[in-house]
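Read the structure below first, then the notes.
The values are calculated or read from the model by the stated rules, or taken from the named source; none is laboratory data. Keep in mind it's a predicted model, so treat the numbers as computed, not measured. Cβ placement follows ideal geometry from the backbone for every residue including glycine, while neighbour counts extend to all protein chains displayed. Side chains included, ligands, DNA and RNA excluded: accessible areas come from the protein's heavy atoms. Shrake-Rupley method; radii C 1.70, N 1.55, O 1.52, S 1.80 Å.
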Amino acid sequence: VPSMQTSGSKPCPCPSFKLREVASMYFTMIAVFLVILVVALQGSAPRGSDFPYKVPLDPKGLLELSWNVSYPEQAVHFQLLVRNLKFGVLFGMSDRGEFENADLAVLWSDGHSSYFGDAWSDAQGQLHMDTQQDYQLLGARKAPEGLYLLFKRAFSTCDPKDYLIEDGTVHLIYGILEKPVHSLQAINTSAIHRGLQRVQLLKPNITIPELPSDMSTMEITAPDVVIPSQETTYWCYMAELPDRFRKHHIVMYEPVITAGNEALVHHMEVFQCAAEFDTFPHYNGPCNSKMKPDRLNYCRHVLAAWAMGAQAFYYPEEAGLAFGGPGSSKYLRLEIHYHNPLVIKGRHDSSGIRLYYTATLRRYDAGIMELGLVYTPVMAIPPGEDTFILTGYCTDKCTQLALPAAGIRIFASQLHTHLAGRKVVTVLSRDGREQQVVNADGHYSPHFQEIRMLKEVVAVFPGDELITTCTYNTEDRTRATVGGFGIMEEMCVNYVHYYPQTQLELCKSAVDPGYLHRYFNLVNRFNDEEVCMCPQVSVPQQFYSIPWNTFNRDVLKSLYGFAPISMHCNKSSAIRFPGEWEKQPLPTITERLQEPVPRCPPTLGSQPATPVPLNLGELRRD
C-alpha cells in the first residue's frame, strides 16, 4: 500500500501545464460552450417557464409573444413565435400604437437572404436603421409550429430614437411582410398587414398566493339580458347569497364574459347592500330606469370590480374580502356597463363575476376605495385639447378622520377613465411633501384597464393625502367633454385595494359649484352673453354653449388650479363622514417627487448599425 506523501518527499508525477497550454484549453472550453449555446438556441424551443407571460399579437394568432422581466438586468427578454413565416415581421413599441415615431425590431428577407435589425420610423412612417442596435438578437430557430425569434431589450437605452419601457401600459405594434423586400428602407409600413396589442410588460415580481384547499366558487351573472340597442347602458341585477351564509373571505375573482360580447362589456361591479334593510326588491333592468326601486341606491359596498382588459384578481395571503355573516346583507347588486357604439340589437348577455371564497378567514379584512374625481359635470375638458389635466383629491382632513392610527396598506390599483384619458397617476403626499407614486400609467388606454398588483405595498396613515391626476386629449371633439357616466363623458378614478378595511369607501373631490358659476358669469361678460345662465339650463348645456377661445380655456384651467373643492369623504352607504366638506382649500404641495432618471446601459455593449444576417433558407410565397 503506498504511503501518504509527506513534506519534503519526492512530488507525485502530476502532469505539468505551461501557461500557453492552459490558455489554449481555456479558450477551447469557451468555444465549445458557445457552440453548445448556439445549438441550444437554434435547436430547441425555450422552456415555457422561461417566459411566464404570453399574449397573441394578432387576432388570428399568427404572432405569439412571450416574455420575462429581469429587474437586476433592467431588461425584457422576448420570444416571438412567427407562424406561417412569409418574408419577415415587424415588432415594436410606440406611444399609443402608431407606426409613426415607433421603435422596432425588424426581420426581413428578399427570398434568399434574411436579416434582423433595430430600426425606427419617422413621422411619415418611413423606416431607418438605428445607429444604436438595442434590440439584441439572442437566437432564431425553425420548428414545426413556426419560427422562434429570441431577443432582449433594456428598459432604457438613452437612445432618443428608442421607446422607454416603463411601468404601466405598453402599446406593442406588429406587421407581417407578405412580399420579399430588398432593404429595410423598402418596407412600406402603411401597405402591410399590421396592428397593435396592449400589455403591461413590466409585471411586478410577485408570486400568486397559494389558494386555500377549502375554496368554493359563486357566479354573480346577468340572467340572459338582452343588451339595449343604445350606446351606453348601466344594467342592474339583484342577486342573493344563500340563507344563513356565514362570514367568508373572497380570495380571488375573475370575469365571466359571454362569448362574442367581449367588446360590449366595458366594466362590471358587484356591490353588497346595506345591512340595515331586511329585504331588497328584486330588480333586473337599466340602473337609470324610473322603474328601479330607490332602495337599490343603498347597495354600494364594493365586493368586486372588473374593467375591460383585466384578468383574474388575487388577494395577498394575509387578507381577504369579507362577505356573509352577522351585520352583512345577503343581497348583492351586479352592475354591468355595456358599451354598444354600433347599436347592435338583440344581443343576449349572461356576463358577470365569479367569486372564489373560503370559510377559513385570513388575518385581515380587505377593502376597495375610490380615489379621484366625483362623477359630476362641473369637471369639464374643452374640445380640441392636446393635453388637459384634471386632479382629484383625497385630503388630509378625510384620512385623519377615517383611517385607523396604524394606517392602511394599498396592495393593488385599477385606474379608470373613459375614451379621452391618456395618463393617470396617484401620488401619496404627507405634510405637503410628495412621498411616492401609488400607481402611474403614462401610456394609459381606456381599452386596457387592469387591476394591477403594486410592486410594493404602499402605507397610508391618517393625515396623508392621495392626489389623482388624469390627462385627457380631446383633439377629435368639437364640444366640451363633461364628467359623468356616459362613455363620451369622462371619469378620473383609481380603485385602490387595501387592508385592513375601513368605513371609508370613497375619497374624491370636485370643484366648488359656486366658483364654477362665477366662471360662467365671467365668460358671459367677455363673450357678449353667449352662455345661457338661465336657472333651468344644466351645467353641461352651459359648457356646450361656451365659445372655446384661448381666454375661456385658460381661465377654466386656472379655476381648476386654485378654486376650493367639494370633498366627498364617504362611507359605503354613500353618507359622508361628519364634518364640513364644502369649499375646502386645495392641498398645498411644497416638495414634489423627482422625475426618475433613466439608467443607461454601457455604450460599449451597443452593436454597430448593421443588420444581423440569419440563415433561414429560401423563403417563398404560399
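Of A359, A366, which residue is open to solvent by 10 Å² or more (accessible area, probe 1.4 Å), of a type in the set (A, V, I, L, M) and out of contact with any helix residue (DSSP H, G or I) (no Cβ under 7 Å at 6 or more places or on another chain)? Before the answer, list the steps.
On the way: A366 fails: open to solvent by 10 Å² or more (accessible area, probe 1.4 Å).
Just one listed residue meets the conditions, A359.
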For this session: For residues that are open to solvent by less than 50 Å² (accessible area, probe 1.4 Å) and under 13 Å from S328 (Cα atoms), tally how many sit in the range 284-301.
Result: 2
For this session: Answer yes or no as to whether R333 is basic (K, R), in contact with a Cys (Cβ under 8 Å, 6 or more places away or on another chain) and surrounded by 17 or more Cβ atoms within 10 Å (Cβ to Cβ).
Result: yes
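For the range 207-227, enumerate the residues that are assigned to a strand (DSSP E or B) and exposed (fewer than 15 other Cβ atoms within 10 Å of the Cβ). It would help to see each step written out before you state the result.
First, pick out the residues of the range 207-227 that are assigned to a strand (DSSP E or B): 216-221, 225-226.
Scanning the range 207-227 gives S216, T217, E219, V226.
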For this session: Mind counting the residues in the range 228-255 that are within 30 Å of the chain's Cα centre (by Cα), part of a loop (DSSP other than H, G, I, E, B) and either surrounded by 14 or more Cβ atoms within 10 Å (Cβ to Cβ) or not assigned by the TED database to the domain that holds N340 (or both)?
Result: 2
Seminar exercise, completed: Picking from T169, T157, T221, the residue that is touching a residue at least 24 places away in the same chain (Cβ under 8 Å), of a type in the set (S, T, Y) and touching a His at 6+ places or on another chain (Cβ under 9 Å) would be T169
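I want to confirm something. Restricting to the range 418-446 and keeping residues that are more than 19 Å from T387 (Cβ to Cβ) and small (G, A, S), which single residue is surrounded by the most Cβ atoms within 10 Å (Cβ to Cβ)?
Of the range 418-446, the ones more than 19 Å from T387 (Cβ to Cβ) are 428-439.
Pick out the ones that are also small (G, A, S) and you get 429, 432.
Working: S429: 24, G432: 12.
Looking at residues that are more than 19 Å from T387 (Cβ to Cβ) and small (G, A, S), I get S429.
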For this session: Among the numbered conditions (1) more than 27 Å from the chain's Cα centre (by Cα); (2) open to solvent by less than 50 Å² (accessible area, probe 1.4 Å), tell me where G327 comes up short.
Result: (2)
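For the range 306-324: of the residues being in a strand (DSSP E or B) and over 23 Å from R198 (Cα atoms), which is most open to solvent (accessible area, probe 1.4 Å)? Walk me through it before giving the result.
If we filter the range 306-324 for residues that are in a strand (DSSP E or B), which is where we start, we get 306-307, 309, 313-314, 319-323.
Keeping just the survivors that are over 23 Å from R198 (Cα atoms) gives 319-323.
Working: A319: 0, G320: 0, L321: 1, A322: 18, F323: 2 Å².
Ranking the candidates gives A322 first.
Restricting to the range 91-112, what's the tally of residues that are outside any loop (DSSP other than H, G, I, E, B) and closer than 19 Å to S183 by Cα?
Taking the range 91-112 first, the residues outside any loop (DSSP other than H, G, I, E, B) are 91-94, 103-109.
Narrowing further to those that are closer than 19 Å to S183 by Cα: 91-92, 103-109.
Summing the residues that are outside any loop (DSSP other than H, G, I, E, B) and closer than 19 Å to S183 by Cα in the range 91-112 gives 9.
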Exercise. If you scan the range 49-90, which residues turn out to be free of Cβ contacts under 8 Å to residues at least 40 places away in the same chain, open to solvent by less than 60 Å² (accessible area, probe 1.4 Å) and not in a strand (DSSP E or B)?
Worked result: D50, F51, G61
For this session: With the condition kept exactly as written, say whether any residue in the range 399-417 is outside the structural domain of R479 (by the TED database), without any contact (Cβ under 8 Å) to a residue 60 or more places away in the chain and open to solvent by 30 Å² or more (accessible area, probe 1.4 Å).
Result: no
For this session: Scan the range 183-196 and give yes if some residue there is surrounded by 17 or more Cβ atoms within 10 Å (Cβ to Cβ), assigned to a helix (DSSP H, G or I), in contact (Cβ under 8 Å) with a residue 12 or more places away in the chain and among the β-branched types (V, I, T), otherwise no.
Result: yes
Problem set entry | Matching residues in the range 264-283 - criterion: being surrounded by 14 or more Cβ atoms within 10 Å (Cβ to Cβ) and either small (G, A, S) or out of contact with any helix residue (DSSP H, G or I) (no Cβ under 7 Å at 6 or more places or on another chain) (or both) | L264, V265, H266, H267, M268, E269, V270, F271, Q272, A274, A275
Seminar exercise, completed: D386 passes all but one of the listed conditions (1) open to solvent by less than 10 Å² (accessible area, probe 1.4 Å); (2) farther than 25 Å from Q435 by Cα; the exception is number (1)
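For the range 79-89, give me each residue that is over 24 Å from the mean Cα position of the chain (by Cα) and of a type in the set (A, V, I, L, M, F, W, C).
Once the filter is applied, which keeps residues that are over 24 Å from the mean Cα position of the chain (by Cα) and of a type in the set (A, V, I, L, M, F, W, C), the range 79-89 yields L81, V82, L85, F87, V89.
Conditions tested, residue by residue: (1) crowded, with 17+ Cβ neighbours inside 10 Å; (2) touching a Pro at 6+ places or on another chain (Cβ under 8 Å); (3) closer than 14 Å to T610 by Cβ.
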| residue | (1), (2), (3) |
| --- | --- |
| L104 | yes, no, no |
| A119 | yes, no, yes |
| Q124 | no, no, no |
| Y135 | yes, no, yes |
| L138 | no, no, no |
| P144 | no, no, no |
| F151 | yes, no, no |
| A154 | yes, yes, no |
Exercise. If a residue has to be at pLDDT 95 or above and of a type outside the set (K, R) to count, how many in the range 337-363 make the cut?
Worked result: 13
